[in-house]
Amino acid sequence: MAIALRYAARSDVGLVRTTNQDSGYAGPHLLVVADGMGGHAGGDVASSLAVGELAVLDGESHGSDDAADHLHEALEAANEQLRRRVESEPELAGMGTTVTAVLRAGNRLVLAHIGDSRGYMLRDGRLVQLTRDHSYVQTLVDEGRITPEEAEHHPQRSMIMRVLTGRADDEADVSVREARPGDRYLLCSDGLSGVVSHDTLTATLAAGDTPEATCERLVDLALRGGGPDNVSCVVADVVELGGGTPPSTTPQVVGAAAFHRPRRSSATGTPAARAAALRGEQGDGADDEEDDAARAAEGAGSRRRRRRRWIAGPLVLLLLLGAGAYGVWDWSQRQWFVGADAGQVALYRGLTQDVGPVTTSSVVELTGVALADLPPTYRRQVQNRISAVDRAGAERTVANLREIAVACRAAAARVATPAPTASPAAGTATDPAPAASPTASPTAPPTSTTDEPTAECGGSS
């Protein structure tokens, strides 16, 4: 029985973010969602690089025995690209990306996953989450300390323990499953799964709409829920090839990957690159027409303005210089950001960038949150400076970082707590008086340390 994928991909910046750091890809053999992180440090670059490297797998037939190896190697190549990019552009230090990808190999699907983007399968009306979030709250769920429902609203739910950042230990989970006609798959960033409930996802996917209409509906639901983050999703149906019209094999590239062309990537010339190039060419043509019309309308008036400009120019310039200098200074004092000072998270007033030798910001408050208590990804973001709309926004960022630091210290304490030693035997004249028996710790002993927060908390940056 020959099968194929009928697919669609959509991405939206959301209602709060100013840039889209998600990337998505859907093709006849490959489905990918990547959620970049790092803010101005290049989350969009990270997700684009990952999609660019994985896209080389599309358009090929993969044997079921070696498909997992191919996907694993592509993820390693993406991770290496991230490392090289940070080496060549240090200002991108701190960027990273989640990856959830499905590679079709005959009648089998290979799933690779790292981070907190998710993969779901709808089969016989039942929606099953195929991926496990690599997050701090997931470790709490695994230990039985909180319920899955509590995890959805936990203040540290965005604290990710494992993503692609260019480090050698950034390993993804890889699994293989059988593809059955009638199955529907959803890959999405947490901008969807963190806003839309599991029951609503199930109802929307089971409604029987096309993948295109379903993607549109899912994005709309996330935006109606507030759209606090970028929203990206890929929906794919497993269909049996028969006498009907075969599904399209044209890849769809969405989000940041549609606008960032990977540099020095092995994916050059792949469907992803061609789709991005095609979109760029179409956009350039439309922009050229608009520019021509604007230049024609502007031509006559600009000549008249030039004749008057030289008369009033010097006088206006002097006034503007004085007013402008004060305006810039006043504006700068209404800017806030979170940065590092004396090994702590600090609250700053001013601009995040100095102007030559002139310092444009000052520390308003040392928060007492030690950088050493933060995971490396968050620590680098603080060192690169996190902008805020106002002081209240900066203080909210500090509060979030404080909660993360407290959680890291607690996790480290659980792992570092030694087992109580036996009291020395009594009965000889030279033995000291027996010490009081140690009080049992109220904290449950840690289980496996594979996904403990200490794998990231307090590590080197």
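Where a number appears in this text, it was derived from the coordinates with a stated rule and is not lab data. The structure displayed is predicted, hence computed values, not measured ones. Here the Cβ positions follow ideal geometry from the backbone for every residue, glycine too, while neighbour counts run over all protein chains shown.
Brief remarks on what is shown
- Using Cβ point charges alone (K and R +1, D and E -1), the dipole size of region 20-157 about the Cα centre works out to roughly 300 debye.
- Applying 0.36 nm per residue to the separation of Arg180 and Leu366 and subtracting their alpha-carbon distance, the gain on full extension is 61.2 nm.
- Thr147/His198 FRET efficiency (R0 22 Å; Cβ-Cβ; nearest 0.05): 0.95
- Gain upon complete extension [Ala412, Glu395; 0.36 nm per residue less C-alpha separation]: 3.6 nm
- Stretchable slack from Gln353 to Thr245, in nm (0.36 nm times residue separation minus alpha-carbon distance): 33.2 nm
- Taking a ≥ b ≥ c as the square roots of the eigenvalues of the Cα gyration tensor, an a/c ratio of 1.5 or more together with a/b no larger than b/c marks region 117-180 as oblate.
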